[in-house]
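A short worksheet on the structure shown next.
The values are calculated or read from the model by the stated rules, or taken from the named source; none is laboratory data. A quick note: this is a predicted structure, and the numbers were derived from the prediction, not measured. Quick reminder, even Gly has a Cβ in these numbers, built from the backbone with ideal geometry, and neighbours come from all protein chains shown.
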Amino acid sequence: MTQFEIGDGLIAEQNRKAKAWLDEDYEHLGRVLRRRGVEIEDLVKRAQAFRVAVPSWGLGTGGTRFARFPGVGEPRDVYEKLEDCATIFKLARSTPAVSLHIPWDKPDDAADLKQFAEARGLRFDAMNSNTFQDQPGQPRSYKFGSLTHTDAEVRRQAIAHNLECIEIGKALGSKSHTVWIADGGNFPGQMHFRRALERYLESLHEIYKALPSDWRIFLEHKLYEPAFYSTVINDWGTSYYCATQLGPQAACLVDLGHHAPNVNIEMIVARLIQLGKLAGFHFNDSKYGDDDLDAGSIKPFQLFLIFNELVDAELDGTPDFHPAYMLDQSHNVTDPIESLMMSAGELARAYVQAHLVDRDALGEYQQGNDPLMALQTLKQAFTTDVGPILAMARRRAGGAIDPVGAYRSSGYRQKKSVERPVSAARLGAGIV
Ligand SMILES: [Mn+2]
């Protein structure tokens, strides 16, 4: 059966309707920016160059530990997930890479999957291992940990799984591997803190040795959850220590939701840049904990401040500075395709706004201890509506001026609900 795809004709038709207003807004914004000494075309080029990867597990409806409410026409396997990724890429134009989770999206035939992706202009970003749950038929349980487990046999099994992820990644053309472990304790005394970290390093050394020379390994820290009392890789300091112990191919991945509320994440980002150990990001947003809400939905100013640090480092010509950007969100009440397109747009917005910061002026206000004007310099960039720049970047790249509008008018999800009937087996409870 031929699968429905959004065609260039539909996008062009939608864009025709919106073009007159976009041109008007773009011209006006161009004049405003020129008064500030900024050339709008330079910012369109920046927006067009911006890239963020989409996670394979973000294409299905997410859930909480209470319930999951699946939507219609959800992808049923990794191929259908790639179809949805291709749709996002076609409309939003900034998301050509997909980050695969193993074993949830383990391919039966990696070469075939790679070909399927390439035919849609997609490639594979970081691999992601999973030792936070048991898989059917698995000899040892991760109930009490994986890479830091007290039992060497469990650690060996977890190491072997990570090596398998790297092997699959090699076949797919990936160049990095992300490790997040759920290891920790629920009770004081349950875990020997120092020995658990020693075991983590021993296990990671084994994985590190298996990395191809042009790969990087990303260590992802998280404050708490699923363990509620202590977590082995709980913060950026621990992550940084481990990355330095492992070697130059190891670096620290910052997931925005993996910090306590009110933590100054932008400063953590600056520290990791300065120390040469910033691997990249899992972008999302949160209000209370690891809520996995859409990037930029709760704290857009924080997102801007993070990109302010990233752009500052970029413009400074920081050596070996190529952070990996990925979305890592749980779409519980929205259409995942819509959320991912909007979130990719929010990241590009923060990135372009950060390029609007008058850095000479900011430097003078910092040097002269003028906090009010320093903040105003950042706020001027943050409050500038760069929407027309983002829309122009998408249109010129063949994408949609209004991705969600074009997506809805295509009837994609309804058509997929016919193409992807849900089997009775999948109607049961299940939390992704
Ligand atoms: Mn993450």
| said: What's the total number of residues in segment 131-173 that are touching a strand residue (DSSP E or B) at 6+ places or on another chain (Cβ under 8 Å) and part of a helix (DSSP H, G or I)? | reply: 6
| task | Would you check which residues across segment 1-51 are among the β-branched types (V, I, T) and at pLDDT below 95 and list them? | result | T2
| field | Selection status of S297, hydroxyl-bearing (S, T, Y), under 16 Å from the mean Cα position of the chain (by Cα) and either surrounded by 22 or more Cβ atoms within 10 Å (Cβ to Cβ) or within 15 Å of the ligand (Cβ to nearest atom) (or both) | value | no
| field | Residues of segment 149-174 that turn out to be crowded, with 18+ Cβ neighbours inside 10 Å and within 26 Å of the chain's Cα centre (by Cα), as a count | value | 10
| message | Pairs needed: first member in segment 272-298, in contact (Cβ under 8 Å) with a residue 60 or more places away in the chain and within 21 Å of P323 (Cα to Cα); second member anywhere, small (G, A, S) and within 16 Å of the ligand (Cβ to nearest atom); C-beta distance under 6 Å; at least 6 residues apart or different chains. | response | A279/A251; G280/A324; F283/A295; D292/G257; D292/S330
| task | Name, by its number, the condition in (1) modelled with pLDDT under 95; (2) closer than 23 Å to S99 by Cα that does not hold for L253. | result | (1)
| message | Residues to consider are S239, S213, S174, S203; find the one that is touching a Lys or Arg at 6+ places or on another chain (Cβ under 7 Å) and small (G, A, S). | response | S203
| said: Restricting to segment 252-267, and then to whatever is within 15 Å of the ligand (Cβ to nearest atom) and hydrophobic (A, V, I, L, M, F, W, C), can you tell me which residue is farthest from M127 (Cα to Cα)? | reply: I265
| Taking helices (runs of 4 or more DSSP H) that fall entirely within segment 30-130, which contain at least 1 residues that are touching a helix residue (DSSP H, G or I) at 6+ places or on another chain (Cβ under 8 Å), within 30 Å of I159 (Cα to Cα) and without any contact (Cβ under 8 Å) to a residue 40 or more places away in the chain? | 78-92, 110-118
| query | Could you say which residue among A374, A424, A393 is aliphatic (A, V, I, L, M), over 21 Å from D84 (Cα atoms) and at pLDDT below 95? | reply | A424
| said: Kindly evaluate R199 against the criterion of being over 17 Å from K143 (Cα atoms) and in a helix (DSSP H, G or I). | reply: no
| Restricting attention to segment 268-284, which residues are within 16 Å of the ligand (Cβ to nearest atom) and either more than 19 Å from the chain's Cα centre (by Cα) or under 18 Å from V52 (Cβ atoms) (or both)? | V269, L278, A279, G280, F281, H282, F283, N284
